[in-house]
Amino acid sequence: MKLLIIDNYDSFTYNILELLRSINCRNVSIVKNDQIQLSQIAAFDKIILSPGPGLPSDYPILDAVIQNYKSSKPILGVCLGHQAIAMHFGSTLTNLPDVCHGQSHDIQVDTNAVLYQNIPSTIRVGLYHSWAVDASSLPSELHITSVSDSSIVMSISHSRYDLHGIQFHPESFLTPHGATIMKNFLNS
Amino acid sequence: MNVSKIGDMMTLSEWRQNVNTLGNNGTPFLFIVDFEMKKPLVCTLEDADTLGLLYHVNGNTNAATNLTQKTSPIKFESFPMSELRFKKAFDDVQLQLQKGNTYLLNLTFPTPIETTLSLEEIFYRSKAPYRLLHPDFVVFSPECFVKIHNDAIFSYPMKGTIDASIPNAETIILQDKKELWEHNTIVDLLRNDLSIVSENVVVTKFRTISKITTHKNELLQVSSEIMGHLPQDWRRQLGDILLKLLPAGSISGAPKSKTVDIIRKAEGEDRGYYTGVFGVFDGHNLDSAVMIRYIEKTVEGYQFRSGGGITANSDFQSERQELIDKVYVPFV
């Protein structure tokens, strides 16, 4: 399987690579978001949109990638990547009054969801975010697959496409079930 | 390699090639890279003396050990920057944290000092595992950048200190949530950096306590250990490996690229060699430091540069105090 990570100039991108290596996924390319061309992506089987600073609107390429490949390739968005998926389908973001940087929280997951196979219903996850998807703005085609102990949307999946967004960081050492979540995406 | 005097600059690409060659040949060398990566230096350990460079890296040194103690009283006075200037920078950084452009940012400023000691005397008298004397500056750093031993690379992020004399100091610092969040961030950042150059990256120690003795008091320092496995031929790509890790995570922040942009705007001037790195390759292994605890000679006199990590939970007054408190020399 050929995997592409689109790197939004983040400092956790190589933690994602290391997480993939730990589950024996080695055919991975990392390309920075301003060095990728849409046509190049066709050669890959699955796409991961990395976390990153700022807002999805700072990187229009993310929306273009989702637009072009949402129906043909599995896509996993992490943090900023998750927010890019939500915004592509018309959702809005809210700036958190208390931002969460380096915190670990309990979240409730839908154990029927693709990403949460073989995972307990409550898991500890690492968070780095100032923005969150506004639950009331989500269209019906996106459903919430986990929420935090502060009722913040922690992940979403598309009802028809193999398209998933996670607000927390599976690649963080604060997320013990990160490897299983990533395996579930690779097996999806 | 021709480095005849300290003023001979090389490009970053020349530096990288020189380091790769020295590593591949097993030639011991000393390297110094500034924060902006504009003035990298490398020389064989044999040449360090002639270039006016004295190093001390965990006991590996080219400095004389029988130094003479100065008997006259030492004058050491500092003149902290205005509260207003620090407030402006601090508020700018807080806005960026709230906007999600950074999660952790190391903000630093120079403090003018007056002292009767020369840079050389400070080099000899200061107590620190990593010390460097350069014609223009002196470093006495407690902080490791990376160590490479056999085929393993180690990093030791340090975040969080407390006065050891406070009752229950250890429990207080370990239970402090803001300290924990900041430490988590630096651990994830350094896991990432080691994952760029190595594999099987693991956190081998998390938030362990060590005691530091200064001339003023005893401090408890919280640190972690992260380890990764390098490819067996790491020595011949040592220059590439070191450059991929720069600037050091502990003195920039996360995410690194955007955070460095914010630092440049908030600080308004180059840091130079301060918060750069220096280290020694002994022919087999490597040990190196982040150049914090730093005094430089300028046209206006001596400047001591210091700083601290700013997060969304940082308090303005205590950050300013930390910047001021760090302006001291841990004398022997």
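Computed values, structure above
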{"quantity": "Loop-resident sites, the stretch B:218-284, for GluC sites (Glu not before Pro), counting at most 11 other Cβ within 10 Å (DSSP)", "calculated": "B:Glu269"}
{"quantity": "Radius, Kirkwood style, for the stretch A:59-120 when every pair of distinct Cα atoms is counted (Å)", "calculated": "14.0 Å"}
{"quantity": "Loop-resident sites, the stretch A:4-60, for trypsin sites (Lys or Arg not before Pro), counting at most 11 other Cβ within 10 Å (DSSP)", "calculated": "A:Arg26"}
{"quantity": "Peptides ranked, highest mean first, by Cβ atoms within 10 Å: ranges A:60-70, B:76-86, B:93-103", "calculated": "B:93-103, A:60-70, B:76-86"}
{"quantity": "Chain B, relative contact order [Cα under 8 Å, separation at least 6], %", "calculated": "28 percent"}
{"quantity": "Ranking by accessible area, most exposed first, for A:Tyr128, A:Tyr9 with a 1.4 Å probe", "calculated": "A:Tyr9, A:Tyr128"}
{"quantity": "3J(HN,Hα) from dihedral phi, the stretch B:25-36, Karplus parametrisation 6.51/-1.76/1.60, rounded to Hz, x for glycine, proline", "calculated": "7, x, 8, x, 8, 10, 10, 9, 10, 6, 4, 7"}
{"quantity": "Exceeding the 30 Å Cα-Cα cut-off - candidates A:Lys183/B:Lys99; B:Lys38/B:Lys211; A:Lys46/B:Lys244; A:Lys2/B:Lys177", "calculated": "A:Lys183/B:Lys99; B:Lys38/B:Lys211; A:Lys2/B:Lys177"}
{"quantity": "Percent of C-alpha pairs per 10 Å bin, the stretch B:170-210, short to long", "calculated": "26, 47, 23, 4"}
{"quantity": "Value of [θ]222 nm, deg cm²/dmol, for the protein assembly as shown, DSSP H segments ≥ 4, -39500 (n - 2.57) each, nearest 500", "calculated": "-8000 deg cm²/dmol"}
{"quantity": "Those trypsin sites (Lys or Arg not before Pro) in the stretch A:103-188 that DSSP places in a loop and that have at most 15 other beta carbons within 10 Å", "calculated": "A:Arg160"}
{"quantity": "Rounded if a/c under 1.5, otherwise prolate or oblate - the stretch A:1-100, Cα gyration tensor axes", "calculated": "oblate"}
{"quantity": "Residue order for B:Phe154, B:Phe206 - accessible surface, 1.4 angstrom probe, largest first", "calculated": "B:Phe206, B:Phe154"}
{"quantity": "Percentage of interatomic Cα-Cα distances in chain B larger than 27 Å", "calculated": "44 percent"}
{"quantity": "Modelled FRET efficiency - R0 56 Å, B:Asn60 with A:Ser29, Cβ distances, 0.05 increments", "calculated": "0.90"}
{"quantity": "Bins of 20 Å, starting at 0 and running to the largest distance - Cα pair percent for the protein assembly as shown", "calculated": "22, 52, 23, 2, 0"}
{"quantity": "Cα centroid separation - the stretch B:12-31 against the stretch B:218-250, whole Å", "calculated": "17 Å"}
{"quantity": "Over 23 Å (Cα to Cα) - which of B:Lys88/B:Lys297; B:Lys87/B:Lys178; B:Lys87/B:Lys265; B:Lys147/B:Lys258; B:Lys39/B:Lys256 fall in this group", "calculated": "B:Lys88/B:Lys297; B:Lys147/B:Lys258"}
{"quantity": "Total formal charge among the other residues, if their Cβ is under 10 angstrom from that of A:Asn33, Lys/Arg +1 and Asp/Glu -1", "calculated": "-3"}
{"quantity": "Where only C-alpha atoms are counted, convex hull volume of the stretch A:3-187 per residue in Å³", "calculated": "102 Å³"}
{"quantity": "Which of B:Tyr55, A:Tyr59 is most accessible, then next, and so on - probe 1.4 Å", "calculated": "A:Tyr59, B:Tyr55"}
{"quantity": "Cα centroid separation, the stretch A:1-27 to the stretch A:126-186 (Å)", "calculated": "17 Å"}
{"quantity": "Positive-end residue of A:Tyr161, A:Val114, A:Gly102, charge dipole of the stretch A:61-177 with Cβ unit charges", "calculated": "A:Tyr161"}
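The values are calculated or read from the model by the stated rules, or taken from the named source; none is laboratory data. In this text, all values refer to a predicted model and were calculated from it rather than measured experimentally. Neighbour counts are summed over all protein chains in view; Cβ atoms, including those assigned to glycine, are modelled from backbone coordinates with ideal geometry. All accessible areas refer to the heavy atoms of the entire protein, side chains included, with ligands and DNA or RNA removed. Shrake-Rupley method; radii C 1.70, N 1.55, O 1.52, S 1.80 Å.
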